[in-house]
Amino acid sequence: MASLSSSSTANDPPCPIAPLHNLPIPPPSHFSHLYKANSDGQTVVLGIEGSANKCGVGILCYNPSTQTYQTLSNPRKTYVSPAGCGFLPKETSWHHQRHVVALIRAALSEAYPNDEHPHRHLSAIAFTLGPGMGGPLRSCAIAARTLSLMWKLPLIAVNHCIAHIEMGRVATSAADPVVLYVSGGNTQVIAYSDGRYRIFGETIDIAVGNCLDRFARVVGLSNDPSPGYNIELEARKHSQEKPLKFMELPYVVKGMDVSFSGLLTFIEDLTKKKEFVGSCDEKDREEQFTTADLCYSLQETIFAMLVEITERTMAHCGQNSVLIVGGVGCNKRLQHMMADMVSDRGGTLCAMDHRYCIDNGAMIAQAGMFGLQFGSESMLVKMEETQCTQRFRTDQVEVVWRPKTRELMREACLISDFGTSPHFKLFLKLFAISNGREEVDLTIITSIRFNGLIFFEIDQNGNGRTLRKEFPVDK
């Protein structure tokens with residue numbers, strides 16, 4: 001394995017928070033019992049990712065003066081297994097254990113190059129709780145626990161899938177897109193609704209990345225830098241001047257779900273036929289087909305399946321933008337096919353390159369940052385609650401940093417002591433009437449709390465029952 005690069009791993013400018021349309025960020029003093037900003041008033045999170053064959057450490061900073069997030073460093077190391085072999089949990093765990101300490105040091109020194117004690121800038125440590133491979137997850141979780149104890153910093157447990165989504169939203173300034181999450185272990189079409197990321201469609205067997213990786217092993221493609229990328233390179237040999245042969249493969253879309261296992265078996269059987277020849281140089285008859293032909297056909301078929309269920313989700317949700325995340329998401333052909341579909345619908349595609357599509361520490365830091373700033377009870381965990389899990393679905397996480405509904409209450413302003421003003425009482429009256437509650441006593445306001453949401457309690461005339469209404473407030 002190559003040594004850690006001395007070049008910068010984070011060259012992107014700061015990303016503004018305004019385009020995301022998240023809830024207003026509470027000041028650190030609101031959660032002073034949970035975390036503290038550093039001496040510069042910034043909130044800085046170190047994230048550790050290790051759910052599969054990538055071990056990464058990222059440092060992310062929130063600057064309240066500019067209201068931006070910026071990745072300060074994002075080094076990672078990849079375990080590359082021999083050609084024809086997948087990466088196994090034991091060997092992958094050993095890889096992460098060998099490199100995680102060096103990655104932490106490299107991330108800190110890049111983020112704060114002239115500081116002998118860079119950890120003093122940190123506000124929290126985030127790590128991947130799941131889903132993923134058990135051994136690699138535990139290897140990185142142990143590193144996170146150790147740092148938390150050494151530096152007396154809170155721990156943030158992050159869902160790997162949520163991290164991909166939030167990194168993508170921040171990097172592309174996508175407020176509310178339909179998300180296509182495609183990787184070696186996951187294939188999901190997701191949209192946000194009522195405080196959670198809802199899964200509208202997914203694979204019913206193996207993930208798209210797993211399908212690509214296994215086929216690459218069958219035809220002997222290298223695992224360096226990744227099997228899927230080498231399949232993409234083979235498929236790029238297709239051109240108008242020298243078109244590749246398209247082999248008809250099973251196209252399995254079942255409602256909103258997809259299936260890849262039968263397709264994989266079918267294309268594996270094609271490699272056993274006498275008409276199959278490895279390279280174009282060996283092809284001398286029309287009926288013969290090559291590795292490049294199969295790679296091209298495989299990509300076109302499975303990406304068309306993914307585009308179909310994504311478009312159906314867009315239509316159902318009334319959305320006009322798509323965000324592609326996950327390792328397979330940096331495939332240029334998938335991006336082009338998706339862009340064509342989205343353009344036909346008058347929408348926009350939000351896509352990224354390998355720096356943020358592929359597993360990395362910055363995405364864990366980004367999701368951890370949101371959980372920290374909004375005081376997520378499920379993400380801010382005690383030491384005894386840091387046991388990793390291989391099964392952790394996207395829709396299990398309460399997304400506390402986004403409004404629960406699209407209809408934001410624009411009539412209210414988020415200012416302190418607003419509850420005693422006549423304007424606020426008038427707003428409560430209008431709010432009650434709009435919800436069919438004409439008889440409401442507005443003189444009893446027992447609770448106002450600043451946490452991105454306004455909470456209040458009022459007595460309803462007639463039965464004396466206390467009501468609590470909560471709603472997101474737009475700046």
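Here are some notes:
- P(r) tail, the stretch 44-115: Cα-Cα pairs separated by more than 18 Å, 46% of all pairs.
- Distance from the stretch 99-165 to the stretch 184-212 (C-alpha centre basis), Å: 26 Å
- For the residues Lys404, Lys272, a 1.4 Å probe over the protein chains yields an accessible-area ranking, largest first, of Lys272, Lys404.
- Packing, as the average of other Cβ atoms within 10 Å across residues, places the peptides 151-161, 376-386, 66-76 in the order 151-161, 66-76, 376-386, highest first.
- Approximating the spin labels as points 7 Å out from Cα along Cα→Cβ, the Arg333-to-Val253 distance works out to 1.8 nm.
- Placing a label point 7 Å from the Cα of Ser8 along the Cα-to-Cβ direction, the residues of the stretch 21-60 whose backbone N falls under 18 Å from that point are 58-60.
- Using a cut-off of 19 Å between Cα atoms, the listed pairs Lys237/Lys283; Lys245/Lys272; Lys237/Lys332; Lys237/Lys274; Lys36/Lys152; Lys54/Lys237 include Lys237/Lys274; Lys54/Lys237 as exceeding that distance.
- The stretch between Ser193 and Asp340, if pulled fully straight at 0.36 nm per residue, gains 50.3 nm over its current Cα-Cα span.
- Extension gain, Asp115 to Arg285: 0.36 nm times the residue separation minus the Cα-Cα distance gives 54.6 nm.
- Charge context of Ile125, other residues only, Cβ under 11 angstrom, K/R +1, D/E -1: +2
- Among 287-297, 84-94, 229-239, the order from most to least packed when residues are scored by Cβ within 10 Å on average: 287-297, 229-239, 84-94
- Gyration tensor (alpha-carbon) shape descriptor, the stretch 332-392, a/c threshold 1.5: prolate
- Mean separation of Cα pairs under 8 Å and 6 or more residues apart, divided by the residue count, gives the stretch 128-177 a relative contact order of 40 percent.
- For the stretch 205-327: relative contact order, % (alpha-carbon pairs under 8 angstrom, 6 or more apart): 29 percent
- Only Lys, Arg, Asp and Glu carry charge here, each on its Cβ (+1 for the first two, -1 for the last two); on that basis the stretch 302-363 has a dipole of about 60 debye about its Cα centre.
- Point-to-point label distance, Ser239-Thr271, nm (Cα→Cβ direction, 7 Å offset): 2.7 nm
- Distance-filtered residues of the stretch 292-331 - backbone nitrogen under 18 Å, label point 7 angstrom along Arg393 Cα→Cβ: none
The values are calculated or read from the model by the stated rules, or taken from the named source; none is laboratory data. Computed from a prediction, not measured in an experiment: that's the story for all the values here. Positions of Cβ are generated from backbone atoms using ideal geometry, with glycine treated the same way; all protein chains shown enter the neighbour counts. We work out accessible area using only protein heavy atoms, side chains counted, and drop any ligands, DNA or RNA first. Shrake-Rupley method; radii C 1.70, N 1.55, O 1.52, S 1.80 Å.
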